[in-house]
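Asker: What follows is a structure written as structure tokens; I'll ask about it next.
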Amino acid sequence: MVLKIGVIGTGAIGQDHIRRITNNLSGGKIVAVTDVNAEQANAVVKNENLDAKVYENGLDVINATEVDAVIVTSWGPTHEEFVLASIAAGKPVFCEKPLAITAEGCKRIVDAEVASGKQLVQVGFMRRYDKGYRALKNVVDNGKIGEPLMVHCAHRNPSVPSSYTADMALTDSFVHEIDVLRWLLNDDYVSAQVILPRNTRLAEKGLQDPHMVLLETKQGIRIDTEIFVNCQYGYDIQCQVVGETGIANLPEPSSVLIRSEAKLLTDILVDWKDRFIDSYDVELQEWINSTIKGEMHGPSAWDGYVVAVTVDACVKAKHTGQIVPISIPERPAFYSKQYVLQ
Ligand code: NAI
Ligand code: ISE
């Protein structure tokens, strides 16, 4: 069976996902697209040589009879409406992060999905599919460094566009750490604190950069993350888990190490698309495979909701300077069939 997919939003990541499904992955076919920028949607169909219809809006894509499943890659504030409409239509939906821009919006999605009786929603937290994070999780889960005690992370982008606003370091970038670390540690968060170091002169005017976020988990693990989105030198994701008997680092992306002119040289990636390119492939291939089987295994609407609750606490912590408690309600039994990624 081929999964016939409708895509809402043909911008940067929408085009990337369309290309990978069309050229690199198997079992999926793009049959419908839409974008508020209709010219762009038409250009994507033409340039990618797609056998797909361009619809006027997202709801028409969701309700099109030829569409089996939906991918939402439009702007964050539009996600809730499209995910809810997909649930109402009984169609599986892969939604890029964020699931919705508020915790209340995510909760509405959770409630609608539970009421529908079928798990239909997957959120685009691709780091869980990264070879390096999976290897790190394997080390932690197998007790090779004892019980984890602390985690040190960094999320660095060389620069960000002028559309990147004050809290996006937390709501747009740090969300990836929030998701992947609770998956990595099999734990949830109980508090957040945000520290604002000296500001770089190289950020857009009015933008705080960097941020330092401190999270505490239920088990008492302390996580510190530097989010520095105008670091200039590259796109650099670091994660080090300190355990009782050892330390485990997220592997660096492979790159040739050159010895030349009395120096050791190696490349650092610059674009987030390249750093996690394999993870996006694995993520969407697994989504296609499981959707065809009528299953849903990836990061769930519940995971999207927990991330949103945690983000809200981080934003509050930033603006109040306080340590903000995080209270995550008990996970509904509906989501208890947690798929453990190897
Ligand atoms: P983008 O701005 O390049 O593309 C978004 C597209 O959606 C635009 O073409 C826009 O015209 C279209 N759009 C907006 N509202 C729409 C609507 N109501 N109906 C149809 N089309 C609509 O943005 P980008 O970078 O592709 O991001 C899209 C989403 O993907 C965001 O939520 C972002 O956070 C997420 N993202 C996830 C990444 C990841 O690593 N998992 C990486 C980059 C983005
Ligand atoms: C972007 O939206 C992403 O999701 C990237 O994965 C992230 O690293 C970047 O900081 C965000 O702006």
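Asker: Please note which helices (runs of 4 or more DSSP H) are completely contained in region 250-332 and include at least 2 residues that are of a type in the set (Gly, Ala, Ser).
Answerer: Numbers: elements: 272-275, 277-292, 301-320.
Here the list reads 277-292, 301-320.
Asker: Please go through region 65-104 and pick out each residue that is among the small types (Gly, Ala, Ser) and away from ligand 1 (no atom under 14 Å from the Cβ).
Answerer: Quick first cut of region 65-104, residues among the small types (Gly, Ala, Ser) only: 69, 74, 76, 85-86, 88-90, 100, 103.
Ala69, Ala88, Ala89, Gly90, Ala103 - these are the residues of region 65-104 that are among the small types (Gly, Ala, Ser) and away from ligand 1 (no atom under 14 Å from the Cβ).
Asker: Here's another thing I want to ask about it. Only one of Asn230, Asn199 is crowded, with 19+ Cβ neighbours inside 10 Å and farther than 29 Å from Ile328 by Cβ. Can you tell me which?
Answerer: Asn230 is the lone residue from the list that is crowded, with 19+ Cβ neighbours inside 10 Å and farther than 29 Å from Ile328 by Cβ.
Asker: For region 113-135, what are the residues that are closer than 12 Å to Leu99 by Cβ and part of a helix (DSSP H, G or I)?
Answerer: Listed by number, the list holds a single entry, Glu113.
Asker: Let me ask something else. Which one of these is modelled with pLDDT of 95 or more, more than 20 Å from Gly321 (Cβ to Cβ) and within 16 Å of ligand 2 (Cβ to nearest atom): Met126, Met168?
Answerer: Met126
Asker: Shifting gears a bit: Please go through region 41-53 and give me each residue that is within 15 Å of ligand 1 (Cβ to nearest atom) and either of a type in the set (Phe, Trp, Tyr) or crowded, with 16+ Cβ neighbours inside 10 Å (or both), ordered by number. I'd like the intermediate steps shown before the answer.
Answerer: Step one: list which residues in region 41-53 are within 15 Å of ligand 1 (Cβ to nearest atom), which gives 41-45, 47-48, 52-53.
Those that are within 15 Å of ligand 1 (Cβ to nearest atom) and either of a type in the set (Phe, Trp, Tyr) or crowded, with 16+ Cβ neighbours inside 10 Å (or both): Ala41, Val44, Val45, Glu48, Ala52, Lys53.
Asker: Can you tell me which residue within region 3-40, out of those that are surrounded by fewer than 23 Cβ atoms within 10 Å (Cβ to Cβ) and out of contact with any Asp or Glu (no Cβ under 9 Å at 6 or more places or on another chain), is farthest from Cys95 (Cα to Cα)?
Answerer: The extreme case among them is Glu39.
Asker: Identify the residue in region 141-164 that is closer than 19 Å to Thr225 by Cα and polar (S, T, N, Q) and, among all such residues, is surrounded by the most Cβ atoms within 10 Å (Cβ to Cβ).
Answerer: It comes out as Asn157.
Asker: Then there is this: Can you find even one residue in region 36-54 that is part of a helix (DSSP H, G or I) and within 16 Å of ligand 2 (Cβ to nearest atom)?
Answerer: No, the conditions are met nowhere in region 36-54.
The values are calculated or read from the model by the stated rules, or taken from the named source; none is laboratory data. Fair warning: this is a prediction, and the values are worked out from it, not measured in the lab. Note that each Cβ is placed from the backbone with ideal geometry, even for glycine, and that neighbours are counted across all protein chains shown.
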